[in-house]
Amino acid sequence: QVQLVESGGGLVQAGGSLRLSCAGSGRTLSMGWFRQAPGKEREFVAAISWSGGTSYNTDAVKGRFTISRDYAKNTVYLRMNSLKLEDTAVYYCAAKQSFTIPTMSGGYDYWGQGTQVTVSS
C-alpha cells in the first residue's frame, strides 16, 4: 500500500511562487499532480516518469510550473512560479506502480489528501 502526503500549499499573491512536495511511502513509479477548483472537475497539471527523465505539463501551466522528483526520497515536487488567480485550487499528488505516465486521473492508483493553494490579487 502506498501513502502520499502533500505539503507546501498556502496563500500567495498573484505573481508569487510556491513549491509543493509529495512524499510517498512504498514503491511508486510514475507520479503526477492534479488540481480541483471549487465547482470544477479535477484536472491534470503535470506528471513525471520514475526516472524524472520524462515529464508532461498541461498547457495552462507551461513555462510557469515545473515538476521534478527525487527518486531516492520517493518525493515529487511541483515548483509553481508566476501564480495566477486561476491557479487557486486544492492540489493533489497521485502515483502508480507502473511505467506509464497517465494524464487522466483514472490512470493513477494512489492519491494524497490534497493541499490548498490560494492565489490572491
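Checking Gly24 against (1) at pLDDT 95 or above; (2) part of a strand (DSSP E or B), only one condition comes out false. Which one?
Failed condition: (1).
Scanning for something buried (at least 17 other Cβ atoms within 10 Å of the Cβ), in contact with a helix residue (DSSP H, G or I) (Cβ under 8 Å, 6 or more places away or on another chain) and either in contact (Cβ under 8 Å) with a residue 12 or more places away in the chain or not in a loop (DSSP other than H, G, I, E, B) (or both), does segment 4-20 turn up at least one residue?
No, there is no match, as no residue in segment 4-20 is buried (at least 17 other Cβ atoms within 10 Å of the Cβ), in contact with a helix residue (DSSP H, G or I) (Cβ under 8 Å, 6 or more places away or on another chain) and either in contact (Cβ under 8 Å) with a residue 12 or more places away in the chain or not in a loop (DSSP other than H, G, I, E, B) (or both).
Answer yes or no: is there a residue in segment 111-119 that is at pLDDT 95 or above, within 20 Å of Gly15 (Cα to Cα), open to solvent by 70 Å² or more (accessible area, probe 1.4 Å) and over 10 Å from the mean Cα position of the chain (by Cα).
Yes; the residues of segment 111-119 include at least one that is at pLDDT 95 or above, within 20 Å of Gly15 (Cα to Cα), open to solvent by 70 Å² or more (accessible area, probe 1.4 Å) and over 10 Å from the mean Cα position of the chain (by Cα).
How about segment 31-103: which strands (runs of 3 or more DSSP E) wholly inside it have at least 1 residues that are modelled with pLDDT of 95 or more and closer than 17 Å to Leu4 by Cα?
43-48, 65-70, 75-80, 89-96
The values are calculated or read from the model by the stated rules, or taken from the named source; none is laboratory data. Keep in mind that this is a model prediction, so the values were computed, not measured. Cβ atoms come from the backbone with ideal geometry, glycine included; neighbour counts cover every protein chain shown. The area values use the complete protein model at the heavy-atom level, side chains included, leaving out ligands, DNA and RNA. Shrake-Rupley method; radii C 1.70, N 1.55, O 1.52, S 1.80 Å.
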